[in-house]
1. Based on the Cβ-Cβ distance of D36 and F258, what FRET efficiency does E = 1/(1 + (r/R0)^6) give at R0 = 45 Å, to the nearest 0.05?
2. Could you work out how far the C-alpha centroid of the stretch 4-26 sits from that of the stretch 206-255, in angstrom?
3. At a Förster radius of 51 Å, what calculated FRET efficiency corresponds to the Cβ-Cβ distance of H149 and F183, to the nearest 0.05?
4. Starting from 0.36 nm per residue, how many nanometres of slack lie between T141 and T207 once their C-alpha separation is accounted for?
5. Hey, what's the per residue convex hull volume over the C-alpha atoms of the stretch 145-209, in cubic angstrom?
6. Please report, in Å, the Rg and the Dmax of the stretch 169-243, where both are computed over Cα atoms only.
7. Ranking request for peptides 223-231, 10-18: highest mean number of other beta-carbon atoms within 10 Å first, then the rest in descending order.
8. Rounded to the nearest 20 debye, what is the charge dipole size of the stretch 166-232 about its Cα centre when +1 sits on each Lys and Arg Cβ and -1 on each Asp and Glu Cβ?
Amino acid sequence: MGEFTGVVLGFPTVLFGGALLVVVAYWGLVLVGGADAHGPGHHGHVASHDASGVHHAAVHHAPAHDAHAPHAAALHAPSHDVPAHDAAAHPGSGTESGQDAHGGGSRGSLIAAAGLDGVPVTVVVSLLVTFAWCLSLVGSTALNGAGVHGAPRAAADLALLAAALVGSWSLTWLAVRPLRHLFPEQRPPSREDFVGQLCVVRTGSVTRRFGQAEVTSPDGSTAVVQVRQDGDDAFAAGSTALLYAYEPQGEFFWVAPFDDPLGTPPTGPLDGPAVT
């Protein structure tokens, strides 16, 4: 027992032992409901967040060259249906693409570069620490049994530290492969999710260069989006239209008139495939 304690408290096992205690304490909190198993800021298996992804789309300003820009200025004030925190989803809002408020983008990119993505970061860190501790424990026990002491032992301990780090990464890389099936990929929300839905025009007209409409997401929230038409159809405020395509460069939707024979309000996407 004393020999085991000496190995656990010796170098380099003690370095990983402290981290292992933290891991055990963390998963203990998870078991009693005091922590999230996915860790803070986890949004599923997403390598990066699409800067244009929204569930509540922020109101976009009309381009400077818009002929109706003065008329649209009255619509730029946020609606009560568009939460203020969703401004972070707007490009150029100060949040860099691929990063969330918790720095998840840079963290996720490092894990992906190491080939350990596809599972929550808490699982990856736990596996790395556990494997490193076990390898250093086995290696230190072997060195003690071989009777290595002095300067050769110090060099062997440093080599064991490096070997434990490399070995833990290799074992974690192997363990992550089957675990990925337990954490299916979640696609980040995108404005293209609105394609095929009905919307209500909120401007006096919709042209090839100007127009705004309100669309309802599947979760019941509303969003005001930029819309354009490729024709000469008459759109009045309050009329119903179909979002049939999205233009990512201009960040607007192409719309077409839609007349519901039942007169029911637009509450979700049309049945069947989206119109392209």
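1. Values: r = 42 Å, r/R0 = 0.94.
Step by step, r from the Cβ atoms, then E = 0.60.
2. 59 Å
3. Working: r = 46 Å, r/R0 = 0.91.
E between H149 and F183, to the nearest 0.05, is 0.65.
4. Numbers: separation 66, 0.36 × 66 = 23.76 nm, distance 7.69 nm.
Stretched fully, the T141-T207 segment lengthens by 16.1 nm.
5. Numbers: hull volume 14.2 nm³, N = 65.
In the stretch 145-209, the Cα convex hull volume per residue is 219 Å³.
6. Gyration radius and largest Cα-Cα distance of the stretch 169-243: 20.4, 64 Å.
7. In decreasing order of mean packing, 223-231, 10-18 become 223-231, 10-18.
8. Values: 8 positive and 7 negative charges, 44 e Å.
Charge dipole of the stretch 166-232: 220 debye, to the nearest 20.
All of the numbers you see were taken from the coordinates with simple rules; none came from a lab. Here the structure is a predicted model, which is why all the values come from computation and not from measurement. As a convention, Cβ positions derive from the backbone with ideal geometry for all residues, glycine included, and neighbour counts pool all protein chains shown.
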